[in-house]
Every structure is written in C-alpha cells, then in structure tokens.
2 protein chains.
Amino acid sequence: MIIDCHGHYTTAPRELEAYRQRQLANPDDATLAPPNIADDQIRESLEKAQLKFQRERGTDVTIFSPRASAMGHHQGNASTSLQWSRVCNDLIHRVCNLYPDNFVGVCQLPQSPGVPPANCIGELERCVKEFGFVGCNLNPDPSGGHWTDPPLTDRWWYPIYEKMVELEVPAMVHVSASCNANFHATGAHYINADTTAFMQFLTSDLFKDFPTLKFVIPHGGGAVPYHWGRYRGLAQDLKRPPLGELLLHNVFFDTCVYHLPGIELLLKVIPIENILFASEMVGAVKGIDPETGYNFDDTKRYIDAVPRLSEQDKRRIFEGNSKRVYSRLQGRIFGQSSSARSAD
Amino acid sequence: MIIDCHGHYTTAPRELEAYRQRQLANPDDATLAPPNIADDQIRESLEKAQLKFQRERGTDVTIFSPRASAMGHHQGNASTSLQWSRVCNDLIHRVCNLYPDNFVGVCQLPQSPGVPPANCIGELERCVKEFGFVGCNLNPDPSGGHWTDPPLTDRWWYPIYEKMVELEVPAMVHVSASCNANFHATGAHYINADTTAFMQFLTSDLFKDFPTLKFVIPHGGGAVPYHWGRYRGLAQDLKRPPLGELLLHNVFFDTCVYHLPGIELLLKVIPIENILFASEMVGAVKGIDPETGYNFDDTKRYIDAVPRLSEQDKRRIFEGNSKRVYSRLQGRIFGQSSSARSAD
C-alpha cells in the first residue's frame, strides 16, 4: 500500500471560497450559514483531480487536510478562525466518508496570531474523536509572514502538544498564505517555515519534555537535508547532542521535492525511517516537467528511480513510516469497502 | 589560483566590538572616536585564523567583508549604521593593505530599516573608488528578522542598483543577526533570506531593468538547488521564462554547503558557470566533522571529491566565475608582492 501523507483539498467546490469571502466581509457575524455543497460536487471535485492522480500514479491513500494556503490564520479573528476551521474540517470529514479507501483526515487548527494555541484543543479533539482524523496541521506563524508569535519550542505551545500526545496524533508543520510582500507563499514562506521549525527544534529541549511528540516537516524538510552538514555542525558547535539522538525520534520529513536529484539527496542523508512519502498534489506546482514529461509533483517516480533503494526501504517510505508516525492509521483497513473503515 | 568569494572578518580584535557597544550605548553621539587597533593586532587576528586556513587548505585569495552577523542594521539609526559601516570597512581596507595577496575587500552598507537604500551610495562609492573594493553585501532585511522593508525587486532599491551597475560591482545577498526569536541567525535567518531573495528575483523583471546587475546568493543558494524542480515548476506555472533565461545571467550561488552530498547536488543541478567557490571561514560552523575528520567549512575538499568534475570546470568554480562576477578582480595581480596590487 502507498500512503501519500501530504494532500490538501485544493479543489474544493467554489462555494467554500464564496463562504470564506462572506465570512471575512463580516468577521463578527457568528450566524453565517455554512456553505451548501452537495455530495456530487465533492465527488466531481476529487474524481478529476486527486482520485485521478491516485489511480494514474499508483498510490492508494492520501492523508488529506484543508487547503493550507487558505487557512489564513492572519485574517479575521479567533472566532472567525474557529468557524472557518470547522467548516473546512467538516468538508474533509465528508470527503473521508465518501471515499474511505482513499482519504484519511488531518485537521486545520483554529489558530490566530497572538491567541494561545490552547484555543485549538477543542477542534483538535472534535476532529480526532468524532471524525477519526489522524493528525493536524500546525502553523508556526499564524501572522502570515510576520512571525510575531513565539517559536514552536516556547511553552506558549505546550497545551496543544499535551493534547497531541494524549490523542497520539502528529502535527505537520505547515504555514498558510503570506501577507508579507517579501515572501512568495509556496516558493519562499513554506520552505522558510520548514527550515525555521527544524532549527527551533535543534536549539531546544522540547523532546525531553515531550518524548512522544511527533512533527512532520513537509516540502522535504525545507533547506535542511541540503544543509545537513551545516545542521550537524551547528548542533556540535552549540554542544547539542547528535541530531539522531536530539530530534530524529520526533521529527520526520516528507518527500515533496520535485526533481530526482533532490530526492536522491534526501534519501542519502536522512535516515530512511524518518522519510514519509508525499506529493502535495494537487498543490504547489501543477505543471509537467519538460525534462521528464511527467508532473513535477509525481514524486513516486523519483523514488522509484533512485538506484539501490531496497524493497524494504521503499515499503517503509511508502507505508510503514506513515503508519508509525500517524499511529492512528494502524489497524485501519483500506481497499475493501466503505463499511470497512473504523468509525473510531 | 583559488578565490574564496565569501569570508568575513569574524576574528577582528576585540576593540572593534567594544567600540560598537559604546556606540550603541550613545547612538546619537557623532563624536565617538574610532577604535584604536594596531597593525600587529590585525596581523595576529588573521595569522592564526583565516591565513592559517588559507595555507592549510590551499586557497589563495579571500573576498573579504566585515562580519555579517555584526552588521546589525536593525540597531541604532541610519547615522549609527553609517559610522559603524565606515569603521568596519576601514578595517577591511587595512587588512587588504597588510595582505594584498590574500584579501580583496567587499563592503558592508550603512542600511537601516525604513531608510531608502539610496542612502548607501556614498559609502559604496568610497569603498570601491578609494579602497579598491570589488563588491558589497546587501541585506534584504535590515530589520533583522521582521522583514519590514520592500522586496529586493521593488524600485525602493533601484538607486543602489544603478550605482552597482555603474561601478561594475556585484552584491552578495546577506542578512545580519536576527532579533526575531523565531529565527536562529546562521541556522534559519541566513538560509531563509537566500531562498526568499531567489524567489523575489524569479517573480520579477528586475533583470530586464538591470541586465548587468549581479547577485551572489550565499550558503549554496539557501534551499534553492535542493528544490530546483520546484523553482523550475513555479516559473513555468507563473508563465515566467525558463530560469536560465530569466535570472542565471545575473544570479550566482556560492559553495558554502558543509557536506559532500549537498555540494554534489549543487554541482549537478546548477550550471557550473553560476557556481563560485566559497567557504565562509571563519564563520557559521567552526567544528570538525567527526564523519570526515576535517572542518565542516573546508568546502574545497568536497569539490575536490566530486567525481567526474573536469579540470576546466574546477577552474571556473575556483577562479574564473569569481573573476567574471567580481569583474574588478580582472587585471589584479596576486602572489607577487604588496606593491603589485593595483591601487585602483
């Protein structure tokens, strides 16, 4: 089985975006009705996109969350963010119920700049306990490119970590859109946030406080694998333990790197048990690479093309590591029928 | 000849830092005397560090600038920044006069957040025309991690670009220290700035306006080579020209990547003519890699170890590309005597 641990509902029916615009036009109106979206609209939005790509590329299950760039934690206020998160997560839940063999849910959190992350516990519990979601996306910069909240290693974040540990769910570290003109969202802000989070973890004792807390750093870990020597050296200069001991029990990288040389580097320097297959489709880069004739984000092809990767290692990247990190996946049965899915 | 295009005077005598502390304690005092540093102190600070490493590693000339993390553009005000830049650049000039075979100067600019970069023209001209410096370091975020000024592609920056073009000097895109707790300076802020600048260039027509403007993106180009497929794909999605046409006549990467797999990736995906040898010594990572037994920042070893790199390509990386980008190096004669150095 091939699990893609990083997919967003980027193709949701346009009613969702229209709802969001109405909401932001009246951020204090708590009576706004949720968008009216039919099951057939959901089916159509997926059949021609994510499901089509799953079939074409030979992947099975996508760990699926609301569109990251639309989380927009910097827009509106804390109650806007909660309403918007609930609407988005409800929709992911419907996707997972319609296609229980193809999608597993991960939730957006109702973060808001300057508001304690403890504020997100209710929605995380709802999504995990009521919907059977297996993780969350945690935004290290709810300000959208101004980085005004404390680092992820600050006690400010500890209440949400306590709940994550209790529920046994990991977080993918994932920013949303940038409202800072310096940072292109998918070309700079996303990658910078990945690099930033890793260095925060490197300089802290967070995982002494939470030995079972788990984070997935997406987009191949930002700049980290390319600069793995720099990070090993910085840890040493700073009298930190070696990276394996310091954080590789808790920090994992996905494979959203859109060319073969990048994937080769990732698989060469990062231990195989820390790498989770992902494509981020339909996501940041939509086109076909003229050098290969295939989609840039068809990352399975790159992994299949890496020389000397054993079948056992492939299975770990494609399935085993995701089941270990998203531990609520264990015991789930896919590929039989919709009734086979545990209601949790 | 081997030219290291990225070295900072990180080992300056302590009088320099003491001066800076006095200055910041009274930022409006324009009468502060410059630090009193003897030639022998300068010699001692270099003989046991940069010069020792040049000899040990077999490199010849370092393109040398003030300590980047100490530029501190976010501290004090515009006039503090000007005084501090003059003091730092004067010291680099003395280094270059004491060791004209070993060092060539690049200047710090007196940037200050919210102050137009046109403000830096005088100091750039002084350093190039009076001192014979061959380039400058340009800070894309003078706020020190808050990114409050416009992107590098905004017309805000055009006056300094006009002067760079007129003087035929490139800029290395280099931030200073971070005063944002989210960003570790050398582990996150530096690398993020590199990635950010590249994406700013990718989304703009800056090089149509300045066809001969040249930037070196240090630290191996941040995350860019590792995500080269992503950037090729983003350019295509955004209907931009291919990267080679769009920016590779103007944007160059150094080799400050501290492990062999990273250097191999860099040399595989970036055209050889866009890669400039550099080590950033004595800089971000000071220790010895236990996996190799050599300093992490001894980047010449990695390049020498890359299989199938022709002697011609090595010469371009080690010398030819730097002479092309830092075009004022052309015609300079090194390795004879101090009098051989052109006074420019």
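Some notes on this structure:
- Stokes-Einstein diffusion coefficient of region B:49-203, Kirkwood radius over Cα pairs, 10 °C, 1.306 mPa s, in µm²/s: 99
- Cα-based reach from residue A:52 at 27 Å (exclusive), listing lysines while leaving out same-chain residues under 8 positions away: A:286, A:300, A:314, A:323, B:239
- Inter-centroid distance (Cα atoms) of region A:249-327 relative to region B:180-223, Å: 26
- Look at the dipole of the protein assembly as shown built from charges on Cβ: of A:207, B:169, B:330, the Cα furthest out on the positive end belongs to B:330.
- Across identical copies of the chain, residue A:272 has label-point separations of 3.5 nm, listed in ascending order, with the point defined 7 angstrom from Cα along Cα→Cβ.
- Alpha-carbon gyration tensor eigenvalues x 5, square-rooted, for chain B, Å: 28, 25, 19
- For region A:160-269, fraction of C-alpha pairs farther apart than 18 Å, in %: 52
- Note on region B:1-119: percent of Cα-Cα distances in each 10 Å bin, starting at 0 and stopping at the bin with the largest distance, equals 13, 44, 29, 12, 1.
- Here residue B:232 sits with roughly 40 square angstrom of accessible surface, probe radius 1.4 Å.
- For residue A:135, nonlocal amide neighbours, meaning residues 5 or more places apart or on other chains whose placed amide H falls under 5 Å from its own, are A:107.
- For chain B, built as a Gaussian network whose Cα springs stay under 10 Å, the top-fluctuating residue of B:269, B:224, B:104: B:269
- The Cβ shell under 13 Å around residue A:87 holds other residues with a net charge of +2, Lys and Arg each +1, Asp and Glu each -1.
- Using θ = phi - 60° in the Karplus curve 6.51 cos²θ - 1.76 cosθ + 1.60, the 3J(HN,Hα) couplings for region B:113-130 round to x, x, 9, x, x, 3, 3, 8, 4, x, 5, 4, 4, 4, 5, 6, 7, 8 Hz; x is entered for Gly and Pro.
- Backbone geometry of region A:89-98 corresponds, through the Karplus equation with coefficients 6.51, -1.76 and 1.60 at θ = phi - 60°, to 3J(HN,Hα) couplings of 5, 4, 5, 4, 4, 5, 4, 5, 6, 6 Hz, x marking Gly and Pro.
- With the label put 7 angstrom out from Cα along the Cα-to-Cβ vector, residue A:309 ends up 2.6 nm from the copy partners, going from closest to farthest.
- The mean number of Cβ atoms from other chains found within 10 Å of a Cβ in peptide B:232-241 is 5, as a whole number.
- Added length on full extension, which subtracts the Cα-Cα distance from 0.36 nm per residue, residue B:305 to residue B:28: 94.5 nm
- Put the Cα centre of region B:59-115 next to the Cα centre of region A:50-107 and the gap is 50 Å.
- Sum of -39500 (n - 2.57) over DSSP H runs of 4+, divided by residues of chain A (222 nm, nearest 500): -10000 deg cm²/dmol
- Take each residue of peptide A:260-268, count the partner chain Cβ atoms within 10 Å of its Cβ, and average: the result is 5.
- Listed residues A:83, A:200, A:236, most fluctuating in chain A (Gaussian network, C-alpha, under 10 Å): A:236
- Hull volume in cubic angstrom per residue (convex hull over the Cα atoms of the protein assembly as shown): 152
- Shielding by partners for peptide A:147-158, expressed as the average number of C-beta atoms from other protein chains within 10 Å of each residue's C-beta, is 2.
- Accessible area of region B:99-257 belonging to carbon and sulfur atoms, whole % at 1.4 Å probe: 53
- Inter-copy separations for residue A:24, label at 7 Å along Cα-Cβ, nm, ascending: 3.9
- Beta-bridge orientation, the protein assembly as shown: approximately 5 percent antiparallel, per DSSP, counting only bridges with both partners inside.
- Other-chain or far-sequence residues with amide H under 5 Å of residue A:4's (modelled H): A:60, A:61, A:62, A:63
- Taking amide H as placed 1.01 Å from N in the peptide plane, the amide H of residue B:224 sits under 5 Å from none that are at least 5 places away or on another chain.
- FRET E, pair residue A:294, residue B:333, Förster distance 51 Å, beta-carbon r, rounded to 0.05: 0.50
- Computed about its Cα centre, the charge dipole of the protein assembly as shown is approximately 740 debye, with only Lys, Arg, Asp and Glu carrying charge at their Cβ.
- Distance cut-off 19 Å, percentage of C-alpha pairs in region A:247-344 lying past it: 49
- Selected from A:144, A:105, A:76 as most flexible by GNM, with chain A as the system and alpha-carbon contacts under 10 Å: A:76
The values are calculated or read from the model by the stated rules, or taken from the named source; none is laboratory data. Quick caveat, the model's predicted, so the values are computed rather than measured. Using ideal geometry, Cβ is built from the backbone for each residue, glycine included, and neighbour counts are taken over all protein chains shown. Keep in mind that these areas ignore ligands, DNA and RNA; they rest on the heavy atoms of the full protein, side chains included. Shrake-Rupley method; radii C 1.70, N 1.55, O 1.52, S 1.80 Å.
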